[in-house]
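A.B. asks: Here you go, one structure.
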Amino acid sequence: MKKKIVKWIIPLLFFLCIMPFTFLESNRVFAFSNQVIQQGSVGDDVIELQSRLQYLGFYNKKIDGVFGWSTYWALRNFQYEFGLPIDGLAGTETKAKLVKASKYNKQFVKEQINKGNKFTHYGGVDQKKQSAPQPNAPAKTPAKAPAAKAPGPKPAAPAPKAAPSKPTAANTPGGFSSNDIQLMANAVYGESRGEPYTGQVAVAAVILNRVNSASFPNTVSGVIFEPGAFTAVADGQIWLTPNETAKKAVLDAINGIDPTGNALYYFNPATATSKWIWSRPQIKRIGKHIFCE
Amino acid sequence: MIRGIIIGVLAVGVAGTAYWGYQEHREKNAILINAENNYQRAFHDLTYGMDLLHDKIGSTLAMNSRHSLSPSLVEVWRLTSEAHSDVGQLPLTLLPFNKTEEFLSKIGKFSYQTAVRDLDKEPLSEEEYETLKVLYKQSGDIQSELRKVQHMVLENNLRWMDVELALASGKEQTDNTIIDGFKTVEKTVSGYDESDFGPTFANMQKKDDNFKNIKGKTINKKEAVTIAKKYMGFDGTAEVKVTENGKGSDYGFYSISVRNKDTGQEGNIDITKKAGYPVWFINHREVNKQKISLNDANLKAAAFLKENGYKNLELFESTQYDNTGVFNFVTTENNIRIYPEAIKVEVALDNGNIIGFSAEEYLKSLNDTREIEKPVLTSEQARAKVNPNFKVMEERQAVIVNDLNKEVLCYEFLGTIGDDTYRIFINAIDGVEEEVEKMKNAEEVYDEVI
């Protein structure tokens, strides 16, 4: 309980200290666009939101431009402290309060992200001390952000190189890493790049159905690399670089779209060599492939 | 003179080619042997695993004290999962070898479910002992069949690469010993009656009963087309192609593909024959630039569901992937979330159109007559069951499907331990911790992909 009070009091005191500056400089504040920012969002507004929350000491994770759970709780704490309705949404009122209470040095943040530096954005701390160049070896992380007066500024994880002013992280669906998705995209691309989009989603769905089926291995990689399971794996086409469409198709399939009606097998009737595959009960045809039980 | 030189050059060339060819041949052999060894290892591991499994089930049966059963069942579970993964490594996919894998999977499920149970409170029933006995016998049968194959493989120096080539070329070689041997194994397993596994296994494989909870009359093709156009926002002039499901499907559906003649935009949808519910649809196109916020898209998705007559849905998760937003809605009844009834809607963030929709889970679990029990525990009592380091931020009641595939009423606690967020479900009747889910954090972008 005591800890909790301290956690609130410090940012509050802190906020009171920097109040005068805030008012002085309020005319050169960079404000949000007028969208309501909700959990799951990605982009510049989220970077600003995280920076501002960090400025006030509510948010002490990496500023990565993805509105995840840490940002959500930070925002709710902010709303609680400032007597706003606690809904975890950055709406007009919340944003106005936030803009009034904090500063956002857009140039600094953007520059740091572009350079791939690790940095923090706490108020009242010299900005020069808040950034460290990307270390060459990721193992070297002791370059601590100066704690100074700011409450618990943890050194942010090394920021990866990213495209200019893009978020440095991405949402991935629960239970799958972006590498799983990449692997599936490879398989989908190798197996069905000539197919319509729905046909590609269908191939991804078959992979997922197999993962869930008792008769097949229980992991994405196990299913894909099961010997003889996919021709693209056997002839090496899986190592072609997949395009964005294949990745979208995989995401759609993971998000529950199964165009195949729970199929476990598919084949191309023009090239199929196994007689056995024809004996499977067929569900439907999408593009060149027939999907079966 | 010139002739001499040419002959010399050619001779060197021939010698060089021969040498190169020999090198290639050796490399190819090395790789073949490597692949062969992998298969051999998987196969011998499998037979060894089946040996162990059989013995272990046997000793489990012999155990007198019910206390020592749990560790023993856990061991069975571990062995089955290893055997299962060995089967997965053999090049048998094009062979009907599912039954054996399914069999392994069933033993695994059975041993897991009984091992995690508190056997003091709820000891193995008579039927479960019977099941165990049957499993013992069956694993013995498989073991002996596999041993036969193994013996032949070793005796005749059979190679798995030959099996793979035989399968790949599609030539039904009747004299391939390995294939024949495995076919026998498969036959042995499929001879086992499903009912051997007792009542516990009735719901093991999620059987789809043609969306049994959906009520309504069967629609015809024309009605299906109308529904398709309405859902996907196509006007009357669009080209339409309708096909019915094949015989292999669990449920009856129409597959409809709609194409706008002017823009070339194409969408696909499956609609159930019963009552005409869309199971999923895709209205794929490139989404180039984000123009609306995730929140606006959220409102559009909610409005879309409402327009189409879905009631009592509440947003539970929203995520942005590049320029599309994915929204997960679940049913809420009297402030109780019914998690199995989930619908996902995908919205393009340029103009807010719905470009993807999936309701399969929803249709499978949809149940208007679901009776939700009254909680026995109070929320404080349930809260006492969670890890003391867990800081509860939100709480509510929810229905989830648990490990045993049953719908249970739970208290749901959303909160944090350190920097991580968790969702914990405590059974509201008996206080069992049904599920602990760590919420996913955003993943770092390691490299610019494409």
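A.B. asks: Averaged over every viewing direction, what's the projected area of the C-alpha convex hull for segment B:263-304? Give it in nm², one decimal, please. Spell out each step's value before the answer.
C.D. replies: On the way: hull surface 17.5 nm².
Value for segment B:263-304: 4.4 nm².
A.B. asks: Please report, in cubic angstrom per residue, the volume enclosed by the convex hull of the alpha-carbon atoms of segment A:178-292.
C.D. replies: Hull volume normalised by residue count: 96 Å³.
A.B. asks: Count neighbours as other Cβ atoms within 10 Å of each site's Cβ, and list the trypsin sites (Lys or Arg not before Pro) in segment B:1-40 that are DSSP loop with at most 13 such neighbours. Don't skip to the end; give the middle numbers.
C.D. replies: Values: sites: B:3, B:26, B:28; in loops: none.
Passing sites in segment B:1-40 do not exist.
A.B. asks: Over 20 Å between Cα atoms, which of A:247/A:275; B:221/B:247; B:222/B:274 qualify?
C.D. replies: Values: A:247/A:275 32 Å; B:221/B:247 17 Å; B:222/B:274 14 Å.
Violating the 20 Å limit, Cα to Cα: A:247/A:275.
A.B. asks: Provide, in order from the shortest bin, the percent of all Cα-Cα pairs of segment B:315-450 in each 10 Å bin, continuing until the bin that contains the maximum pair distance.
C.D. replies: Result, from short to long distances: 11, 34, 32, 18, 5, 0 percent.
A.B. asks: Summarise the long-distance tail of P(r) for segment B:379-438 by giving the % of C-alpha pairs beyond 17 Å. Can you show the working numbers first?
C.D. replies: Details: 518 of 1770 pairs.
Counting every Cα pair in segment B:379-438, those more than 17 Å apart make up 29 percent.
A.B. asks: Helix-only mean residue ellipticity at 222 nm, chain B, DSSP H runs n ≥ 4 weighted -39,500 (n - 2.57), per residue, nearest 500. What is it? Write down the numbers at each step before the final one.
C.D. replies: On the way: 10 runs with 193 residues, N = 450.
Calculated at 222 nm, the ellipticity per residue is -14500 deg cm²/dmol.
A.B. asks: Moving to a separate point now. Peptide A:190-200: average number of partner chain Cβ atoms within 10 Å per residue? Walk me through the intermediate numbers first.
C.D. replies: Values: counts 0, 0, 0, 0, 0, 0, 5, 7, 10, 1, 1.
Shielding by partners across A:190-200 averages 2.
A.B. asks: Rounded if a/c is under 1.5, else prolate if a/b is larger than b/c, else oblate: which is segment B:206-283, with a ≥ b ≥ c the root eigenvalues of its Cα gyration tensor?
C.D. replies: It comes out prolate by the Cα gyration axes.
A.B. asks: For segment B:224-253, which trypsin sites (Lys or Arg not before Pro) are both in a DSSP coil and crowded by at most 14 other Cβ atoms within 10 Å?
C.D. replies: Working: sites: B:229, B:230, B:241, B:247; in loops: B:247.
For trypsin sites (Lys or Arg not before Pro) across segment B:224-253 that sit outside H, G, I, E and B with at most 14 neighbouring Cβ atoms in 10 Å, the list reads B:247.
A.B. asks: Using a Gaussian network model on chain B with a 10 Å cutoff between Cα atoms, which of B:440, B:133, B:374 fluctuates the most?
C.D. replies: Largest GNM mean-square fluctuation: B:440.
A.B. asks: What's the longest piece of chain B with no exposed GluC sites (Glu not before Pro), counting a site as exposed if DSSP puts it in a loop and it has at most 16 other beta carbons within 10 Å?
C.D. replies: On the way: sites that count: B:172, B:286, B:371, B:373, B:448.
Free of exposed loop sites, the longest segment is B:1-171.
A.B. asks: If every alpha-carbon in segment B:285-367 counts as one equal scatterer, what log10 I(q)/I(0) does Debye give at q = 0.17, 0.27 1/Å?
C.D. replies: -0.63, -1.30
A.B. asks: Reachable aspartates and glutamates from residue B:289, Cα under 12 Å, same-chain residues fewer than 8 places away excluded?
C.D. replies: B:322, B:350
A.B. asks: A further question on this structure: Can you give the relative contact order of segment A:178-292 as a percent, counting alpha carbon pairs under 8 Å and 6+ residues apart?
C.D. replies: 33
Rule-based calculations on the coordinates, nothing more; no lab input. Because the structure is predicted, anything quoted here is derived from the model rather than measured. Note that we place each Cβ from the backbone using ideal geometry, even for glycine, and neighbour counts take in every protein chain shown.
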